Amino acid sequence: MNVKGLVFLGILSIFSLSSCGSSKNIPQKVITKIIRDTVIVNSKTDQYEMTRAAKLENYKINSDNYPAVGQDERTRFLVLHYTALDNETSMRVLTQQEVSAHYLINDIDDDQIHLLVDETKRAWHAGVSKWKNLDNLNFTSIGIEIVNQGYTTNAGVKTHYPYPEHQFKKVGALTQNIVKRYNILPINVVGHSDIAPSRKHDPGPLFPWKRLYDEYGVGAWYEEADKQNFITTAPFIFDGEIVIKEFQTELKKYGYDVQPTGIWDEQTKKVTQAFQYHFNPIKYDGMLDVETWAIIKALNKKYNP
């Protein structure tokens, strides 16, 4: 059977594309529903692929020269969120209201990860957002919502909630798979607070970014030796215009939406807090100190030399 240009009419959930090699291998009663994707052969890898393409009644779409060299993935960012809701409410909100995400990870110790939006489609999870001078990240990202209470406030003190081990393993497995398939750069694995620091706090200071980096190779993290070196050369005073401007420049270089004004304004404070949520969760008051200074320097040395 020649699979080039073959229009598939249906598949079982366990049906493997490799069974297309011969009609004898196709199980009986394989058709379960009509689908519109086409199975083609990638001329460079000789692998079967499902691809969306035009299907015309009177013309053949020829895929002999697929794929062209001049292309890349639309997906460049991976954004992690918490829902601040329970499982049932999270599912209802993310499927029945305007907000959405590609995946929802519950907090139950099971083997389920919920796909809510196809990866080829745009989910509405990021909102007003900016990273690396690109805005509206809905167009270029995959969004993962994680069921987590977020935080509660009592007498002005925020209490954040941890992520259980079984849930973290789901996050690790899913993000590792996505990052590998789309070749997403480490610095482009971000939290909602990183890309919208003026209004968002998720996934919060208790999300284990370092473990995600150490155990699954997902995301960015600094080298401890570099951090220690930058601590030894850090300024003695952090409230001067020159120092503030340099710090703002380092944040912007890494990807944050902040302007190097030399003024410690509210925007800079919120961006600093978002940065601390991610990389210095022991201290996330939004104020510049020697640790925060050294960490951003170490990150840019590693990822933006």
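The values are calculated or read from the model by the stated rules, or taken from the named source; none is laboratory data. Note that this is a predicted model, so its numbers are computed, not measured. Cβ atoms come from the backbone with ideal geometry, glycine included; neighbour counts cover every protein chain shown. The protein model used for the area step is the full one, side chains on, heavy atoms only, and it has no ligands, DNA or RNA in it. Shrake-Rupley method; radii C 1.70, N 1.55, O 1.52, S 1.80 Å.
Here are the numbers for this structure:
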item	result
Packing rank of 74-80, 117-123, 276-282, where each peptide gets the mean count of other beta carbons within 10 Å, highest leading	74-80, 276-282, 117-123
Solvent-accessible area, 1.4 Å probe, carbon plus sulfur percent, for the stretch 163-305	57 percent
Of LYS245/LYS269; LYS245/LYS301; LYS180/LYS283; LYS245/LYS270, those spanning more than 24 Å from alpha-carbon to alpha-carbon	LYS180/LYS283
Calculated from backbone phi, Karplus (6.51, -1.76, 1.60) coupling profile of the stretch 53-64 in Hz, x at Gly/Pro	8, 5, 10, 10, 5, 10, 9, 9, 8, 8, 10, 4
Choice from THR159, THR261, THR249 showing the highest fluctuation, given a GNM over the chain with Cα pairs closer than 10 Å	THR159
Under 5 Å, built H, 5+ apart or other chain: amide partners of SER100	TRP124, HIS125
Of the GluC sites (Glu not before Pro) in the stretch 65-110, those whose Cβ has at most 16 other Cβ within 10 Å and which sit in DSSP loop	GLU73, GLU98
Cβ-derived FRET efficiency at R0 41 Å, GLU57 paired with TYR161, nearest 0.05	0.15
Rounded if a/c under 1.5, otherwise prolate or oblate - the stretch 106-223, Cα gyration tensor axes	rounded
log₁₀ of I(q)/I(0) at q = 0.15 Å⁻¹ - the chain, Debye sum with one point per alpha carbon	-1.20
P(r) histogram, all alpha-carbon pairs of the stretch 250-305 included - 5 Å bins from 0, percent	4, 20, 32, 28, 13, 2
Neighbour cut-off at most 13 other Cβ (10 Å), DSSP loop, trypsin sites (Lys or Arg not before Pro), the stretch 190-295	ARG199, LYS283
In Hz, Karplus ³J(HN,Hα) per residue of the stretch 87-100 (6.51, -1.76, 1.60; θ = phi - 60°; x = Gly, Pro)	4, 5, 5, 4, 5, 5, 5, 6, 10, 10, 10, 5, 6, 7
Residue-normalised accessible area of the chain, expressed per residue, 1.4 Å probe, Å²	55 Å²
DSSP beta bridges in the chain [antiparallel fraction, %, rounded to 5]	55 percent
